[in-house]
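Here's the structure, in structure tokens; my notes come after.
The values are calculated or read from the model by the stated rules, or taken from the named source; none is laboratory data. Just so it is clear, the model here is predicted, and its values are computed rather than measured. So basically every Cβ, Gly included, is an ideal-geometry build from the backbone, and we count neighbours across all protein chains shown. To get the accessible areas, we keep the full protein, side chains included, count just its heavy atoms, and leave off ligands, DNA and RNA. Shrake-Rupley method; radii C 1.70, N 1.55, O 1.52, S 1.80 Å.
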Amino acid sequence: SLASTAGAAVSIIASADYDINWKDQAPRDAAVQHWAEVKKKADAALPLAGLRLTAEQKAKLDELLKGEGVFPDEPTDVLLDGLPDAIPPASLNRIIGSIIDDCIKNHKHDSVPSIASGKE
């Protein structure tokens, strides 16, 4: 229907405007809680992200992904700390902002699973 098509278009346009500080703890915690979803969306966006990133950002992302070309099955501190430097906030908002924003606003998690540092 036309209404749902218009709704979809609006949600795509609006999706870039989440007010998320990607360096904060809350988005990190949300990413850890919803990693399977985050990984799925992020992996799907990687081929496009490569076209939009600077050479420096690409190199940083490749380093974070250890040359695998996909996100790991489990996040690490190194990955989550480095992501905002490799992928611009507007792109993070577009790719995974909906998951993170929804979690921060609507979910109350008692605890966040601990993750590996990734520094080894």
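Taking the charge dipole of the stretch 52-120 about its Cα centre, with +1 at Lys and Arg Cβ atoms and -1 at Asp and Glu Cβ atoms, the residue from VAL70, ALA90, ILE115 reaching farthest to the positive side is ALA90.
In the assembled protein chains, ARG52 presents an accessible area of approximately 150 Å² (probe radius 1.4 Å).
Selection among ALA49, ILE104, TRP22 by position relative to the dipole of the chain gives ALA49 as farthest towards the positive end (Cβ unit charges, Cα centre). A simple spin-label model places pseudo-atoms 7 Å from Cα toward Cβ; at GLU37 and LYS58 they are separated by 3.2 nm.
In the structure shown, do any of LYS66/LYS108; LYS23/LYS119; LYS60/LYS108 have a Cα-Cα gap over 29 Å, and if so which? Exceeds cut-off: LYS66/LYS108; LYS60/LYS108.
Classify the stretch 26-95: rounded, prolate or oblate, from the alpha-carbon gyration tensor (a ≥ b ≥ c, eigenvalue square roots; a/c under 1.5 rounded; otherwise prolate if a/b is larger than b/c)? Rounded.
Note on exposure: LYS119, LYS41 ranked by accessible area (1.4 Å probe, complete protein assembly) read LYS119, LYS41, with the most exposed listed first. Test of understanding: in a Gaussian network model of the chain with alpha carbons linked when under 10 Å, which of ILE96, ILE87, ILE104 would top the mean-square fluctuation ranking? Maximum fluctuation in the GNM of the chain, among the listed residues, is at ILE104. Relative to the Cα centre, the charge distribution of the chain, modelled as +1 at Lys and Arg Cβ and -1 at Asp and Glu Cβ, gives a dipole magnitude of about 320 debye. Calculated mean residue ellipticity at 222 nm for the chain: -20500 deg cm²/dmol, from DSSP H runs with n ≥ 4 weighted as -39500 (n - 2.57), summed, divided by the residue count and rounded to 500. Please find, in a Gaussian network model of the chain (springs between Cα atoms separated by less than 10 Å), the residue of ALA55, ALA30, ALA45 whose mean-square fluctuation is greatest. Largest GNM mean-square fluctuation: ALA55. Ratio of Rg to Rh for the stretch 59-119, alpha carbon only, Kirkwood? Rg/Rh: 0.99. Element breakdown for the chain at a 1.4 angstrom probe: carbon and sulfur atoms account for 56% of the accessible area. Note on the stretch 33-100: with charges restricted to the Cβ of Lys and Arg (+1) and Asp and Glu (-1), its dipole about the Cα centre is near 360 debye.
Working note: Cα gyration tensor of the chain, eigenvalues times five, square-rooted, sorted largest first, giving semi-axes of 24, 19, 12 Å.
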